[in-house]
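Student: Input: one structure, supplied below.
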Amino acid sequence: MIKDNKTACGRVDIGGQAVMEGVMMKAPKAIAVSVRKPDNTIVTKLKPYSSPADKHPWMGWPFIRGIVNMCTMFSMGMSTLQESTDMLGILEEEPTKFEKWLSKKLGKGIDKIVMGVAVFLAIVLSLGLFFFLPEALASLLKNWIKQEWLVNLISGIFRICLLIGYILFCAKVPDVRRTFEYHGAEHKTVYCNENNLPLTPENAQKFSTLHPRCGTSFLLIVFLISMLIFTTVGYLFEAIGMPINNVFLRFLSRLIFLPIVAGISYEVLKGLAHSTGKVAKILRWPGLQMQRLTTKQPTLEMLEVAIVSMNVALYGLPEGCETTPEGYTIIRDYRITDPVMRQDIQQEAAAEEAAPAEEEPEKAE
């Protein structure tokens, strides 16, 4: 039986993420990851999802939910990227002797070790590039500039420039660019679903690749909100005679207040995304323009993958499909994941079977 998550949950926001050669879609009660393998088939994986707020209602409170969401999405994003590479089967080579030794000593699979190291390096890089380096510049500027707001403004602009430069650098890598194309496919498919149109590649292709609930917009909002909060914090510490001039203290204070920044930024993002006012559209504009760096126009084949993830997350896995030895469901026609389209396909197949076979013309002797 196919569980209709969309009907069960009513009108809901569907989130997503581009992965290696595919798309992840997250519905309120399920997560689907779909990728297109080198043989052109689509494989998909469905797993149940339970929001932290379902178990602990206080985690769904305003501002707190933003902090919880940031931590959840970071963890989910890293694990989903690992899943997508496993589903593609592109890293199935034999482990080296060192990898086997390391796995034996640590008691974990080499894939988990690699993922752990990758997460650690990603955190160190992010903190160093987007927090420590701007604060080092701010501490240097305070020797010449006494206005706290101006120092924070310059360091904030520097942080945003670093982000833009980092994205442009990553976009030069072919695999990353393809992921940006799948990112565009994710947004177009979400738009198509929100407009209650049949999920087809042709319908989805009509929509924009820029979506107000995108994580790229969230990052920009975080950077802007952090400028306001850190400036206020700086004034407060100066008012009590404890100015924060040391680069390490500035860095530590930014980390301490990061959860507050995330909580406020999340509420701002949701408020702007669901508002139709002119002011909201103006405030959304910078984040949408930032998405031009992280989204590219997808192909119809990429949209098929995104549609499979959307349908599977909403309705569950279709019955009767083949599975891989690893347990992934093989989708040869994206339409089979849509309950309505699947009925049409089945009716067409039944009609073809019931139709009398045409008699071959007799050959002349």
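Student: Kindly indicate whether any position in the stretch 16-30 is modelled with pLDDT under 95, surrounded by 19 or more Cβ atoms within 10 Å (Cβ to Cβ), of a type outside the set (A, V, I, L, M) and over 16 Å from the mean Cα position of the chain (by Cα).
Tutor: No; the residues of the stretch 16-30 include none that is modelled with pLDDT under 95, surrounded by 19 or more Cβ atoms within 10 Å (Cβ to Cβ), of a type outside the set (A, V, I, L, M) and over 16 Å from the mean Cα position of the chain (by Cα).
Student: Looking at residue 135, is it over 15 Å from the mean Cα position of the chain (by Cα), surrounded by 22 or more Cβ atoms within 10 Å (Cβ to Cβ) and among the charged types (D, E, K, R)? Full working, then the answer.
Tutor: Numbers: over 15 Å from the mean Cα position of the chain (by Cα): yes; surrounded by 22 or more Cβ atoms within 10 Å (Cβ to Cβ): yes; among the charged types (D, E, K, R): yes.
The answer is yes for residue 135.
Student: Grab the helices (runs of 4 or more DSSP H) fully contained in the stretch 55-133, keeping just those with 3 or more residues being hydrophobic (A, V, I, L, M, F, W, C) and modelled with pLDDT of 85 or more. If you could, list the steps in order and put the result at the bottom.
Tutor: Values: elements: 64-88, 97-106, 110-127.
Helices (runs of 4 or more DSSP H) meeting the threshold: 64-88.
Student: What residue, among those in the stretch 13-43 that are among the β-branched types (Val, Ile, Thr) and in contact with a Leu (Cβ under 7 Å, 6 or more places away or on another chain), is nearest to residue 270 (Cα to Cα)?
Tutor: Filtering the stretch 13-43 down to residues among the β-branched types (Val, Ile, Thr) leaves 14, 19, 23, 31, 33, 35, 41-43.
Subsequent filtering for residues that are in contact with a Leu (Cβ under 7 Å, 6 or more places away or on another chain) retains 19, 35.
Numbers: 19: 24, 35: 29 Å.
Step by step, filter the stretch 13-43, then rank; the result is 19.
Student: Looking at 181, 202, which one is out of contact with any Ser or Thr (no Cβ under 6 Å at 6 or more places or on another chain), crowded, with 16+ Cβ neighbours inside 10 Å and of a type in the set (Asp, Glu)?
Tutor: Details: 202 fails: crowded, with 16+ Cβ neighbours inside 10 Å.
Result of the check over 181, 202: 181.
Student: Could you grab the pairs with beta carbons closer than 9 Å, sequence gap of 6+ or different chains, first residue in the stretch 44-57 and loosely packed, with under 12 Cβ neighbours inside 10 Å, second one of a type in the set (Ser, Thr, Tyr)?
Tutor: Correct list of pairs: empty, since none qualify.
Student: Also: Name the single residue, out of those in the stretch 137-179 being in contact with a helix residue (DSSP H, G or I) (Cβ under 6 Å, 6 or more places away or on another chain) and not in a helix (DSSP H, G or I), that is modelled with the lowest pLDDT.
Tutor: Filtering first and then ranking leaves 142.
The values are calculated or read from the model by the stated rules, or taken from the named source; none is laboratory data. For clarity, every value in this text was computed on a predicted model and none was experimentally measured. Every residue, glycine among them, receives a Cβ derived from its backbone with ideal geometry; neighbour counts consider all protein chains shown.
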